[in-house]
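To start, the structure itself, in structure tokens.
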Amino acid sequence: MNLPPLDLLVPQHVRQFEAYVPSPPDSELRKMFGVERLVRMNNNENPFGPPPAAAAFLKSFDPASVARYPSGDCQPLRIRLSDYLGIKVSQLLFGNGANEVISFVIKAFCQQGDNIVTADRTFAVYEWIARFSGVGVKLAPLDDFGFDDEGLLGLVDSRTKLVFICNPNNPTGSWWNRERLTRFLDRLGPNHIVVLDEAYFEFMDQPDYPDGISLLPQYPNLIIFRTFSKMFGLAGLRIGYLAGSEAVVDIVRKTAIVYSVNSIAQEAALAALDDLEFIRATRAMVQEGQQMLAEQCAALKLPILSSDCNFAMIKLPFSDTLAYRLLMQQGFMIRTMTGFRFPGWIRVSMVKRDEMRLFCDALARLVHSRTDQSMLAKTYGVSAS
Ligand SMILES: Cc1ncc(COP(=O)(O)O)c(C=O)c1O
């Protein structure tokens with residue numbers, strides 16, 4: 001049979017979109033780069049794994065129970081979380097990771113001709129989902145690595161449905177304090193939905209970092225995203241959520257996929273929820289990692305954007321894709337940033353002390369070897385590629 005007429009069947013905005021290519025499985029990467037061990041520093045995961053209570057639940061999980069469908073709307077988890085957050089159960093909506101929740105929101109509010117507004121260098125999934133959904137995207141350049149309120153406000157028009165603010169911003173780690181955020185919300189007014197992505201909320205310990213959920217009574221046009229992938233170490237189970245005013249969440253629920261959060265994820269999230277000791281230990285690991293990395297970058301004269309989150313960005317004096325290959329050969333997987341409009345930068349996630357020490361050594365070897373090669377190239381005309 002002939003191929004279907006894809007040119008006719010596929011909307012232009014889908015044809016034009018370049019699909020994201022995920023990285024191959026670790027086992028394949030280990031073979032490709034000839035290493036026995038690979039330290040994952042590319043996805044801002046928690047190297048401790050999930051909190052002990054969630055790990056214990058996973059070990060004791062009864063396989064027979066997977067024959068049953070999960071709660072279609074994560075009800076037990078929503079009840080528990082609503083109590084924890086001090087909001088109503090009906091103000092919460094779960095998805096298969098915060099990524100899926102982004103898609104629910106864009107589907108709920110946008111049609112062709114509408115647009116979203118966000119920063120040019122932030123978490124790329126807002127832009128990607130809008131683009132392959134045929135929705136316009138307006139991007140305000142970052143100002144000194146942070147979201148620029150004036151730039152964002154200048155792009156908003158009558159067809160702007162959603163403004164995405166990543167707070168703190170992945171990948172730069174910058175964040176708006178409460179005063180700056182509320183000033184922005186006041187100036188924008190109630191005619192647009194503001195999505196505040198707080199994927200890294202639990203890492204933030206600064207007194208003036210705003211808890212978006214506490215702003216919901218004052219700003220019913222606000223939607224907050226959170227996830228169990230980062231602090232809570234459940235990235236592989238895919239579970240995230242949004243919180244908003246009842247009226248807004250009722251709308252988003254229309255475009256949500258029922259049953260998309262599996263039962264293991266729901267129960268593990270319930271068990272993970274309030275282990276304060278685990279959060280303290282993770283924050284301590286992050287702080288120590290940030291400090292070790294900052295000291296190494298200072299010694300190597302590499303610009304670094306440290307943050308309160310579990311990642312940092314480093315500027316290299318050579319290509320980030322080359323750095324990726326050379327670091328992989330030493331067993332470290334980092335994130336290249338050219339594709340995220342930061343050519344020559346890498347983003348690295350915080351890992352435990354011993355692995356971070358080894359990474360700092362690998363970074364030094366990399367920088368010294370590239371510097372030596374470019375000196376050779378300059379002196380003798382030897383290629384440094
Ligand atoms: C800012 C931000 N938002 C959302 C997500 C998506 O998280 P999830 O794993 O819950 O889909 C991430 C993941 O990297 C993120 O960094």
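The values are calculated or read from the model by the stated rules, or taken from the named source; none is laboratory data. Nothing here was measured: the structure is a model prediction, and the numbers come from that model. With ideal geometry, Cβ positions are generated from the backbone for all residues, glycine too; neighbour counts draw on all protein chains shown.
Here are a few things to note about the model shown:
- Taking the range 115-130 as the range and being within 15 Å of the ligand (Cβ to nearest atom) and polar (S, T, N, Q) as the test, the residues that pass are Thr118, Thr122.
- Of the residues making up the range 222-272, those that are touching a residue at least 60 places away in the same chain (Cβ under 8 Å), aliphatic (A, V, I, L, M) and part of a strand (DSSP E or B) are Ile223, Leu242, Ala243.
- For the range 99-208, the strands (runs of 3 or more DSSP E) that sit wholly inside it and include 1 or more residues that are under 19 Å from the mean Cα position of the chain (by Cα) and of a type in the set (Ser, Thr, Tyr) are 115-119.
- The condition of being more than 16 Å from the ligand (Cβ to nearest atom), on the phi < 0 side of the Ramachandran plot and outside the structural domain of Cys360 (by TED's automatic domain parsing) holds for only one of Lys59, Lys31, that being Lys59.
- Looking only at residues in the range 75-114 that are among the aromatic types (Phe, Trp, Tyr) and within 16 Å of the ligand (Cβ to nearest atom), the one that is surrounded by the most Cβ atoms within 10 Å (Cβ to Cβ) is Phe94.
- Within the range 206-218, considering residues that are closer than 18 Å to Leu93 by Cα and crowded, with 19+ Cβ neighbours inside 10 Å, the one nearest to the ligand (Cβ to nearest atom): Gly212
- Put simply, of Ala364, Ala312 the only residue that is surrounded by fewer than 16 Cβ atoms within 10 Å (Cβ to Cβ) and either assigned by TED's automatic domain parsing to the domain that holds Ser174 or in contact (Cβ under 8 Å) with a residue 24 or more places away in the chain (or both) is Ala364.
- Some residue of the range 148-165 being in contact with a Leu (Cβ under 6 Å, 6 or more places away or on another chain), hydrophobic (A, V, I, L, M, F, W, C) and more than 16 Å from the ligand (Cβ to nearest atom): no
- Phe145 among the aromatic types (Phe, Trp, Tyr) and either buried (at least 22 other Cβ atoms within 10 Å of the Cβ) or within 16 Å of the ligand (Cβ to nearest atom) (or both): yes
- The single residue among Ile251, Ile224, Ile264, Ile257 that is in the same structural domain as Val156 (by TED's automatic domain parsing), surrounded by 22 or more Cβ atoms within 10 Å (Cβ to Cβ) and either more than 11 Å from the ligand (Cβ to nearest atom) or over 29 Å from Asn43 (Cβ atoms) (or both) turns out to be Ile224.
- Here the condition is being surrounded by fewer than 21 Cβ atoms within 10 Å (Cβ to Cβ) and either more than 24 Å from Asn44 (Cα to Cα) or within 16 Å of the ligand (Cβ to nearest atom) (or both); of Gly236, Gly173, it holds for Gly236 alone.
- Qualifying positions in the range 63-74 - among the polar types (S, T, N, Q) and surrounded by 12 or more Cβ atoms within 10 Å (Cβ to Cβ): Ser71
- Just one of the listed residues (Arg187, Arg183) is over 29 Å from Gln112 (Cβ atoms), away from the ligand (no atom under 16 Å from the Cβ) and either in the same structural domain as Cys309 (by TED's automatic domain parsing) or surrounded by fewer than 19 Cβ atoms within 10 Å (Cβ to Cβ) (or both), namely Arg183.
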